[in-house]
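Scroll down for the structure; my scribbles are underneath it.
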Amino acid sequence: MLDRTAISGCAAISDCAAAPGHAFNSDNELPAEQTRAWIELSGAALRHNVSLLGSLLPEGCELMPAVKANAYGHGDLLIAEELQEIGIKTFCVACVEEGVKLRKAGIEGTILVLGYTCPGQFPLLLDYGLTQTIVDYPYALSLQDYPASSTRFHVHIAIDTGMHRLGERYEHLEKLRAIFRMDHLQVDGLYTHLCVSDSHSQRDEDYTHGQIRAFYQTVGELKVQNGSFPKLHLLSSYGLLNYPDFCEDYVRTGIALYGMLSTKKDTEDCPLSLRPVLSLKARVACVRALSKGESAGYGLAFTSTRPSRIAALSIGYADGLPRSLSNGSSHVLINGRKAPVIGRICMDQTLVDVTEIPDVNAGSVAVIIGRSGNLEITACDLAEWTGTIANEILSRLGERLHRILLEPCRPKRQF
Ligand SMILES: *Cc1c(COP(=O)(O)O)cnc(C)c1O
């Protein structure tokens, strides 16, 4: 539970002593920063964002952090453990495997699976105490009829109010009532998802208010029959910022918790001083001189127009660095200076031009996302350069990257 009082009164957030970093390395004990490419997480930034977002919630409303997709690429165990330490008791994930992974690492409280779970995996929901989304009426029937269920499945019913992705349609009151009557289901929540809550156009604001009306209308109809009523939630990050009157019991925050909105413009326009949690760094493997007219990389896509020094970075598109950032369309930061990406980004390596940057050697650190000196590159920058949103850039950061939590609330056990 993380309501407003919990946040403002939470000693854990404000009094966290600086503690040594904690690395999550699946199969070695090396500090992450001694590896070829790694992610640094700022525990202080995460706690800052949690209390900032928490301060927007009315009494009794809790944050339900979205830690799906490896916590948007950040590292789900590091993020969820830190959130648990500071009092978060409800999480949402995309799939059952993500929920199982959190449980095995000791994450308690409610874990809501937002997406579809195959019937073959229904026993995992019971074994690991996960809460499943009802994606529509036939899906509720398949859970209800699952042979082995002597105990009840905990579920939240998704209500489709206009996104038309998951959820039983809000108009189908009889089907929704029937789900409430299913004796193998324990309905703990009802929720909907807004599909244009990020937009300020008249059309989209009207559409969002229509979705909100539809949700409350259906909730009202269902309430007549049921005495004790399940939890309600309809807002994600943009919803919280743009429609804060509809917080209800939970707000499902993802991208804002990680310190940004989906685009650079939205992040700049956002009145909250969110702080990015993640930095992405890679080692320089080697540096070499090219004479004027020499080419480099696959397809000889780069040709030097002057005597140059180029560095090979130990990170590539298999780590989640989009290949479309090739050929001078992007840069990284080394020693507080911009190093343009040259040639084609490879699966495991990337070439950058360091002709104008002194003191670049094997072992130097390149910042792909984060700060170096006075310069900063954000996930929103990478998103803008590649024509996507920060959510995609972050969530595709690879398993091969090592992840370390700096400034944790308190020293953690090793995984
Ligand atoms: C991913 C997701 C969220 C979190 O969205 P953000 O925009 O990152 O805050 C909330 N609700 C649902 C249903 C989601 O799939």
Original post:
In the chain, what percentage of the DSSP-assigned beta bridges are antiparallel, given to the nearest 5?
Top reply: 55
Original post:
What's the longest piece of the chain with no exposed GluC sites (Glu not before Pro), counting a site as exposed if DSSP puts it in a loop and it has at most 15 other beta carbons within 10 Å?
Top reply: 172-293
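If you place +1 on the Cβ of every Lys and Arg and -1 on the Cβ of every Asp and Glu, how big does the dipole about the Cα centre of the chain come out, in debye to the nearest 20? Don't skip to the answer; put the middle values down first.
Details: 39 positive and 47 negative charges, 216 e Å.
Its charge dipole is roughly 1040 debye.
For the cross-link pairs LYS104/LYS281; LYS68/LYS231; LYS68/LYS104; LYS68/LYS265, which exceed 18 Å when the distance is taken from alpha carbon to alpha carbon?
Details: LYS104/LYS281 29 Å; LYS68/LYS231 21 Å; LYS68/LYS104 16 Å; LYS68/LYS265 24 Å.
Where the Cα-Cα span goes over 18 Å, the pairs concerned are LYS104/LYS281; LYS68/LYS231; LYS68/LYS265.
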**OP:** Measure out, as a whole number of angstrom, how far apart the alpha-carbon centroids of the range 188-258 and the range 115-164 sit.
**Re:** 21
Original post:
Which ³J(HN,Hα) values, rounded to whole Hz and listed in residue order, are derived for the range 56-71 from phi using the Karplus coefficients 6.51, -1.76 and 1.60 in 6.51 cos²θ - 1.76 cosθ + 1.60 with θ = phi - 60°, glycine and proline given as x?
Top reply: 8, 8, x, 3, x, 8, 10, 6, 10, x, 8, 10, 5, 6, 6, 6
Subject >> Calculated from backbone phi, Karplus (6.51, -1.76, 1.60) coupling profile of the range 233-240 in Hz, x at Gly/Pro >> reply: 7, 9, 9, 10, 4, 5, x, 4
**OP:** On a 0 to 90° scale, report how tilted helix 76-85 is relative to the longest principal axis of the chain, with both axes built from alpha carbons and the result rounded to the nearest 10.
**Re:** 60
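At 222 nm, what helix-only mean residue ellipticity would the chain give, in deg cm²/dmol to the nearest 500, using -39500 (n - 2.57) for each DSSP H run of four or more?
Working: 14 runs with 116 residues, N = 415.
Result for the chain, helices only: -7500 deg cm²/dmol.
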Original post:
Counting pairs of alpha carbon atoms under 8 Å apart in space and at least six apart in sequence, what relative contact order in percent does the range 278-377 give?
Top reply: 34
Original post:
What percent of all Cα-Cα pairs in the chain falls in each 20 Å bin, counting up from 0?
Top reply: 25, 51, 21, 3
Original post:
Roughly how tilted is helix 43-54, in degrees to the nearest 10 and between 0 and 90, from the longest Cα axis of the chain?
Top reply: 40
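No value in this document is a laboratory result; all are computed from the given coordinates. Computed from a prediction, not measured in an experiment: that's the story for all the values here. Counting neighbours? That spans all protein chains shown, and the Cβs are built from the backbone with ideal geometry, glycine included.
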